[in-house]
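For reference, the structure is listed below as structure tokens.
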Amino acid sequence: MNQQNSGAPARRRWRAAAVAGVVVAMTATTAVLWQGTSSAASTLGASAAERGRYFGTAIAGGRLNDSQYTTIANREFNMISAENEMKLDATEPNQNQFTFSAGDRIANWAISNGKRLRGHTLAWHSQQPAWMQRMEGSSLRQAMLNHVTRVATYYRGKIYAWDVVNEAFADGSSGARRDSNLQRTGNDWIEAAFRAARTADPNAKLCYNDYNTDNWSHAKTQAVYRMVQDFKSRGVPIDCVGFQAHFNSGNPVPSNYHTTLQNFAALGVDVQITELDIEGSGSSQAEQYRGVVQACQSVARCTGITVWGVRDSDSWRASGTPLLFNGNGQKKAAYDAVLAQLNTGQPLPSQSPGGPSPSPSTPSGGGCTATYSEGQKWGDRFNGQVTVTGSADWIVTVTVSAPQRMIATWNVGASWDSSGNVMTGRPNGGGNTFGFTIQHGGNWAWPALTCRTA
């Protein structure tokens with residue numbers, strides 16, 4: 001959201017032509033029975049966290065004295081963006097005179113409540129302080145880089161991801177950069193901002209953030225894609241792309257939304273839905289929200305979703321009732337749809353799980369053979385699959401090595417010995433293939449298998 005919240009007019013960003021399609025199809029997955037945990041989380045942030053993602057919201061400092069607002073925000077969300085308090089006009093109202101009190105209020109609230117922070121935003125053509133609006137050329141370039149450096153340095157170590165550059169591409173069919181005072185400093189200004197941000201806050205993820213980039217076929221989407229592709233090929237430090245995802249009846253969730261997220265992710269960046277709101281009500285709004293969550297879940301590098309506000313009455317588009325809670329703080333049908341969809345999701349694979357992948361083995365004996373194959377890997381766990389041949393009436397023992405612990409199984413009748421390290425599996429209507437999840441505790445070794453007939 002890139003207008004001030006109170007009384008903000010609708011931005012001229014909505015395309016006149018409606019985009020067909022709403023809900024993104026998702027491949028069915030096998031249910032996993034988790035031992036010792038409930039089957040469904042009861043809040044958005046908790047459900048997302050169980051699967052390695054986040055579900056966040058934008059917070060306005062002026063509403064932190066509203067107990068209903070803060071109660072909902074604290075209960076439901078695990079990532080926080082400052083709505084306006086970290087933007088250029090808020091942090092550097094006069095050149096080289098930085099003020100962080102408003103941003104600190106958001107940051108301190110988030111950190112004290114155990115939330116992570118997204119930094120929004122370091123370089124942008126809008127909401128510039130008056131002194132910056134009057135600048136051009138090399139003096140503006142230097143002022144922009146100084147701002148990026150000073151703000152990112154101040155919040156170093158507190159920020160999960162920075163929206164380094166915001167909305168630098170034009171709407172329409174040209175695929176061109178937006179004409180702005182920053183663009184007129186030279187076409188490399190975005191690259192320069194990212195390099196400055198990396199130096200200032202080396203451990204934060206660095207994102208490019210924009211709107212109307214949801215439909216894969218649109219020129220603006222393709223232009224941003226080409227920039228990210230170029231940056232990755234030349235080693236420009238970019239870690240993620242943010243999709244603002246402001247939808248309404250003239251700009252619904254496109255049917256190729258998943259394709260967009262997946263294609264950007266394939267470039268080697270995370271994708272994040274950063275400012276989600278969907279105007280509407282009832283089942284139509286709920287299904288569009290469900291489709292967005294579903295699309296994110298189906299892309300391994302879609303690491304989180306942020307809605308732009310807590311209650312409808314807090315939204316910059318309040319008349320469109322675009323959020324998950326109504327003005328009275330009550331959950332809407334859209335909330336129920338989002339939570340239900342989050343609870344169906346699979347854990348997020350880690351891109352760099354670490355640890356060695358052991359050599360395959362195919363142990364046999366007792367009239368049958370059990371073959372192990374590697375499944376998905378995450379930061380703290382991995383999946384394995386066992387296929388049995390030679391008999392339909394088998395007993396397979398699976399032995400894990402400490403500190404490993406088997407925390408889920410499927411398609412198998414399972415029992416454990418007293419140590420919890422040895423699982424005995426028998427056919428359970430799922431054929432001759434079954435699977436499990438192992439929490440590895442730093443030990444990535446494959447389990448040992450034996451197979452015998454009953």
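The values are calculated or read from the model by the stated rules, or taken from the named source; none is laboratory data. The shown structure was predicted, so the numbers you read here are calculated from the model rather than taken from an experiment. Virtual Cβ from ideal backbone geometry, glycine too; neighbours counted across all protein chains shown. Surface accessibility is based on the protein's heavy atoms, side chains included, excluding ligands, DNA and RNA. Shrake-Rupley method; radii C 1.70, N 1.55, O 1.52, S 1.80 Å.
Within segment 37-93, which helices (runs of 4 or more DSSP H) (wholly inside it) include 1 or more residues that are touching a Gly at 6+ places or on another chain (Cβ under 8 Å), open to solvent by 10 Å² or more (accessible area, probe 1.4 Å) and among the hydrophobic types (A, V, I, L, M, F, W, C)? Don't jump to the end; show me each part of the working.
Working: elements: 44-50, 67-76, 88-91.
The helices (runs of 4 or more DSSP H) meeting that bar are 88-91.
Check Gly375, Gly441, Gly435, Gly431 and return the single one that is assigned to a loop (DSSP other than H, G, I, E, B) and under 26 Å from Val299 (Cα atoms). First the steps, then the outcome.
Working: Gly375 fails: assigned to a loop (DSSP other than H, G, I, E, B); Gly435 fails: assigned to a loop (DSSP other than H, G, I, E, B); Gly431 fails: under 26 Å from Val299 (Cα atoms).
Exactly one of Gly375, Gly441, Gly435, Gly431 is assigned to a loop (DSSP other than H, G, I, E, B) and under 26 Å from Val299 (Cα atoms), namely Gly441.
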Q | Pairs where the first residue, in segment 137-155, is within 17 Å of Met86 (Cα to Cα) and the second is hydroxyl-bearing (Ser, Thr, Tyr) and modelled with pLDDT of 95 or more, C-beta under 9 Å, 6+ apart | A | Met144/Thr185; His147/Thr91; Thr149/Thr199; Arg150/Thr91; Val151/Thr91; Ala152/Thr199; Thr153/Thr199; Tyr154/Thr91
Q. Mind checking which residues of segment 396-454 are in contact (Cβ under 8 Å) with a residue 60 or more places away in the chain and charged (D, E, K, R)?
A. Arg452
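Has segment 115-128 got any residue that is more than 26 Å from Leu44 (Cβ to Cβ) and touching a Ser or Thr at 6+ places or on another chain (Cβ under 8 Å)?
Yes: one or more hits.
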Q.
Which residue is farthest from Asn166 (Cα to Cα), if the candidates are limited to segment 250-269 and must be open to solvent by 10 Å² or more (accessible area, probe 1.4 Å) and in contact (Cβ under 8 Å) with a residue 60 or more places away in the chain?
A. Ser255
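State which residue is nearest to Gln385 (Cα to Cα) when the search covers only segment 400-454 and only residues that are of a type in the set (Lys, Arg) and modelled with pLDDT under 90.
Initial filter on segment 400-454 (of a type in the set (Lys, Arg)): 405, 426, 452.
Add one more test, that the residue is modelled with pLDDT under 90, and what stays is 405, 452.
Details: Arg405: 16, Arg452: 17 Å.
That would be Arg405.
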Q. Does at least one position in segment 303-315 carry a residue that is surrounded by fewer than 20 Cβ atoms within 10 Å (Cβ to Cβ) and not polar (S, T, N, Q)?
A. no
Q: Could you check, for segment 122-145, whether at least one of its residues is of a type in the set (Phe, Trp, Tyr), open to solvent by less than 10 Å² (accessible area, probe 1.4 Å) and closer than 22 Å to Asp230 by Cα?
A: yes
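In the set Asn215, Asn203, Asn181, Asn146, which member is more than 27 Å from the chain's Cα centre (by Cα) and either assigned to a loop (DSSP other than H, G, I, E, B) or not assigned by the TED database to the domain that holds Gly103 (or both)?
On the way: Asn215 fails: more than 27 Å from the chain's Cα centre (by Cα); Asn203 fails: more than 27 Å from the chain's Cα centre (by Cα); Asn146 fails: either assigned to a loop (DSSP other than H, G, I, E, B) or not assigned by the TED database to the domain that holds Gly103 (or both).
Step by step, each of Asn215, Asn203, Asn181, Asn146 is checked, and only Asn181 is more than 27 Å from the chain's Cα centre (by Cα) and either assigned to a loop (DSSP other than H, G, I, E, B) or not assigned by the TED database to the domain that holds Gly103 (or both).
Is it true that some residue in segment 159-168 is without any contact (Cβ under 8 Å) to a residue 24 or more places away in the chain and either buried (at least 16 other Cβ atoms within 10 Å of the Cβ) or aromatic (Phe, Trp, Tyr) (or both)? Before you say what the answer is, go through the steps one by one.
Taking segment 159-168 first, the residues without any contact (Cβ under 8 Å) to a residue 24 or more places away in the chain are none.
Scanning segment 159-168, I find no residue that is without any contact (Cβ under 8 Å) to a residue 24 or more places away in the chain and either buried (at least 16 other Cβ atoms within 10 Å of the Cβ) or aromatic (Phe, Trp, Tyr) (or both), so the answer is no.
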